[in-house]
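Visitor: My questions all concern the structure below.
Coordinate-derived values only; no laboratory data. Quick caveat: nothing in here was measured; it's all calculated off a predicted structure. Using ideal geometry, Cβ is built from the backbone for each residue, glycine included, and neighbour counts are taken over all protein chains shown.
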Amino acid sequence: MGHKYAAIDLRKFSKIATPFLAFIMLFGIMRNNLLYVIYEYDTALFISLFCENQNKPQLKCNGKCKLAKMLKEQKEEEAAKVLKQLQTEVLYYPQPVFTYPSRPEKFEEVKRKHPLSNQSLYSFLFTMRNDKPPEYFTSI
């Protein structure tokens, strides 16, 4: 049984879709720059395509209304990016300060808690080093 429409070959589709998507992405990134180039290269074309005050020639806008609008949008986008960067959360984990005693006389067991918000859930046992060996090693 043959269908009226043949299945689309994925290789052919990807050969068409990839450049199309790349063009769309590049146009989105360089949209304002392309409009500035059009304005500088052919101001009359830019005015006929983008000027919002074509029916009011007494304003002598000449497309500058659209350029000002684009500049305002660009500044708002940049401000939003900066605000997003400033709002990122910075985590700080304080480290406990520990000083070794100058001459420990014996082994001490000190129970210390980790400085996180769940202090009751985590602790560890710290044993200090003694300078003297145990007595059973010295009797040999």
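Visitor: With label points built 7 Å along Cα→Cβ from the Cα atoms of V37 and L59, find their separation and express it in nm.
Guide: Spacing of the two 7 Å Cα→Cβ label points: 2.8 nm.
Visitor: Note down the nm distance, to one decimal, between modelled labels 7 Å out along Cα→Cβ at V97 and at A22.
Guide: Rounded to a tenth, the inter-label distance reads 5.9 nm.
Visitor: Next up: Once you have a ≥ b ≥ c as the square roots of the Cα gyration tensor eigenvalues for the range 10-86, tell me rounded if a/c is under 1.5, and otherwise prolate or oblate according to whether a/b is larger than b/c.
Guide: It comes out oblate by the Cα gyration axes.
Visitor: Okay, next question. Can you order the peptides 16-29, 53-66 by their average number of other Cβ atoms within 10 Å per residue, highest first?
Guide: 53-66, 16-29
Visitor: Pull out the extension gain between M30 and A79, defined as 0.36 nm times the separation in residues minus the alpha carbon to alpha carbon distance; nm, one decimal.
Guide: 15.8 nm
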